[in-house]
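Notes follow once the structure below has been shown.
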Amino acid sequence: MDLSGTPLKGFEKEIDALREVGNQFHARGWSLGTSSNYSVVIRREPLELLITASGKDKGHLSRHDFVRVGSGGLPIVAEQPKASAETLLHIAIAEQPDIGAVMHTHSIWGTLLSDLYFEDNGFGVEGYEMLKGLAGVTTHEHSEWVPVFDNTQDIPALAEQVRQCLNDFHSLIQHGFLIRRHGLYTWGRDLDEAKRHIEIFEFLFKCVARHLILAGAMPV
């Protein structure tokens, strides 16, 4: 676990916090197998992220399972593991002001809803008290639109699509989005806020899906 002499030296606190997130999310069924990726901003000008390496079991992350990347998504220095295949999505999100961490999970409910509502480009969630766990939301009367992007192996194109939406004043993206048959992306001012947003969204997705099942609108 010693990081002395590595590109990650000095970031042990951030790494251990991300490792704990991976352990928790794996235990809750949101980051199974080698799915999911997490990042924190460690420098703003120029932008630099600490992100999970590709193909790692999120329930057993070691201190060496992380990569320092720059604004182009490439490692800052050599001799680091391969970064997540979706690094450019993290970059596109982290470019926004006041974002300090980005979280991506693969839950069952989020995956199913992303497929169900793909043709509608997303779905709304309103009336739930748990919405107040999202940054800036002060009432359960809030209406949260969850956009759904199509899944693709062309990550640079998807990242650019997300970037354009985030930079569009009229965009419906508020706190997160889904990728069809894939999973959730959300973020926060820091790791604690981003982690809380994952918990809120996953609770809401489960409520929405189970409500549809009880109403007979979603097959069991």
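The values are calculated or read from the model by the stated rules, or taken from the named source; none is laboratory data. For clarity, every value in this text was computed on a predicted model and none was experimentally measured. Note: ideal-geometry Cβ built from the backbone for every residue, glycine included; neighbour counts use all protein chains shown.
To keep it simple, each residue is scored yes or no on (1) in contact with a His (Cβ under 8 Å, 6 or more places away or on another chain); (2) in contact (Cβ under 8 Å) with a residue 40 or more places away in the chain; (3) more than 21 Å from Gly73 (Cα to Cα); (4) not β-branched (Val, Ile, Thr).
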position: Leu8; (1), (2), (3), (4): yes, yes, no, yes
position: Lys13; (1), (2), (3), (4): no, no, yes, yes
position: Leu18; (1), (2), (3), (4): no, yes, no, yes
position: Gly29; (1), (2), (3), (4): no, yes, yes, yes
position: Ser35; (1), (2), (3), (4): yes, yes, no, yes
position: Arg43; (1), (2), (3), (4): no, no, no, yes
position: Leu49; (1), (2), (3), (4): yes, yes, no, yes
position: Ser54; (1), (2), (3), (4): no, no, no, yes
(request) Mind listing just one residue for me: the one in the stretch 157-206 that is part of a loop (DSSP other than H, G, I, E, B) and of a type in the set (A, V, I, L, M) and, of those, modelled with the highest pLDDT? (result) Ile173
(request) Sort out which residues of the stretch 141-167 are among the small types (Gly, Ala, Ser) and surrounded by 12 or more Cβ atoms within 10 Å (Cβ to Cβ), and write them in order of number. (result) Ala159
(request) Check the stretch 81-91 and report whether any residue there is in contact (Cβ under 8 Å) with a residue 60 or more places away in the chain, farther than 17 Å from Glu202 by Cα and not in a helix (DSSP H, G or I). (result) yes
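Given the criteria in a strand (DSSP E or B), within 23 Å of Ile99 (Cα to Cα) and not aromatic (Phe, Trp, Tyr), does Val41 qualify? Walk me through it before giving the result.
Values: in a strand (DSSP E or B): yes; within 23 Å of Ile99 (Cα to Cα): yes; not aromatic (Phe, Trp, Tyr): yes.
Yes: the conditions hold for Val41.
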(request) Would you please name the residue that is farthest from the chain's Cα centre (by Cα), looking only at residues in the stretch 89-110 that are under 12 Å from Leu47 (Cβ atoms) and of a type outside the set (Val, Ile, Thr)? (result) Pro97
(request) Mind listing whichever residues of the stretch 9-60 are within 17 Å of Thr186 (Cβ to Cβ) and in contact with an Asp or Glu (Cβ under 7 Å, 6 or more places away or on another chain)? (result) Trp30, Asn37, Val40, Thr52
(message) Against the condition closer than 28 Å to Gly55 by Cβ, among the aromatic types (Phe, Trp, Tyr) and buried (at least 16 other Cβ atoms within 10 Å of the Cβ), how does Phe123 come out, does it pass?
(response) no
(request) Check Asp115 against each of (1) at pLDDT below 95; (2) among the charged types (D, E, K, R); (3) surrounded by fewer than 18 Cβ atoms within 10 Å (Cβ to Cβ) and name the one condition it does not meet. (result) (1)
